[in-house]
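Q: Before I ask anything, here is the structure I am working with.
The values are calculated or read from the model by the stated rules, or taken from the named source; none is laboratory data. Quick caveat: nothing in here was measured; it's all calculated off a predicted structure. Because the Cβ atoms are built from the backbone with ideal geometry, glycine has one as well, and the counts that use them run over all protein chains shown. Side chains are part of the model used for accessible areas, which takes the heavy atoms of the whole protein and leaves out ligands, DNA and RNA. Shrake-Rupley method; radii C 1.70, N 1.55, O 1.52, S 1.80 Å.
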Amino acid sequence: ASAGGYVVQVSSQRSEQDAQASYRALQGKFPSVLGSRSATIKRVDLGDKGVYFRAVIGPFSGSDEASRFCSDLKSAGGQCVVQRN
């Protein structure tokens, strides 16, 4: 997820395996929004809070496109955060 300005974070877990499993579960729960998309797992070191692995969708070309995707997921009952890539 390096090209494009924005990604949408849909999960943050303590291990890469948990992040992948969480994303697969979300795909099953929200197939109309996530079914055809693959997630990138990003390792993030939050210092004192530890290391997390985030499942992100994208990249999206702009914040509007990323926000629209996130809104679709929220409308379906999911949670997400738009982030600069």
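Q: Explain nothing, just compute: Karplus ³J(HN,Hα) = 6.51 cos²θ - 1.76 cosθ + 1.60, θ = phi - 60°, for every residue of region 8-13 in order, whole Hz, x for Gly and Pro.
A: Each residue of region 8-13 in turn: 10, 7, 10, 7, 9, 10 Hz.
Q: Calculate the FRET efficiency for Gln17 and Asn85 from the Cβ-Cβ distance with a Förster distance of 35 Å, rounded to the nearest 0.05.
A: Numbers: r = 23 Å, r/R0 = 0.67.
Plugging the Cβ-Cβ distance into 1/(1 + (r/R0)^6) gives 0.90.
Q: Calculate what fraction, in whole %, of the accessible area of the chain sits on carbon and sulfur atoms when a 1.4 Å probe is rolled over the protein chains. Display every interim value, and only then the final one.
A: Details: 2130 of 4990 Å².
The computed percentage sits at 43.
Q: When the convex hull of the Cα atoms of the chain is projected onto a plane and the area is averaged over all directions, what value comes out in nm²?
A: If you wrap the Cα atoms of the chain in a convex hull and average its projections, you get 5.2 nm².
Q: Now for a separate question. I'd like the accessible area for Cys80: 1.4 Å probe, protein heavy atoms, all chains in place, Å² to the nearest 10.
A: 20 Å²
Q: So what are the ³J(HN,Hα) numbers for region 39-44, from phi and the Karplus equation (6.51, -1.76, 1.60; θ = phi - 60°), rounded to whole Hz, Gly and Pro as x?
A: Rounded to whole hertz, the list is 9, 9, 9, 10, 8, 10.
Q: Hey, another quick one. What net charge do the residues around Val7 carry, taking every other residue with its C-beta under 13 Å from that of Val7, with Lys and Arg at +1 and Asp and Glu at -1?
A: Working: positive: Arg37, Lys42, Arg54, Arg84; negative: Glu65.
That sum, taken over residues with Cβ under 13 Å, equals +3.
Q: Is there a quick way to get the dipole size of the chain? I mean about its Cα centre, with the Cβ of Lys and Arg at +1 and of Asp and Glu at -1; what is the value in debye to the nearest 20? Please report the intermediate quantities before stating the final value.
A: Details: 11 positive and 7 negative charges, 22 e Å.
Using only the charged Cβ atoms, the result is roughly 100 debye.
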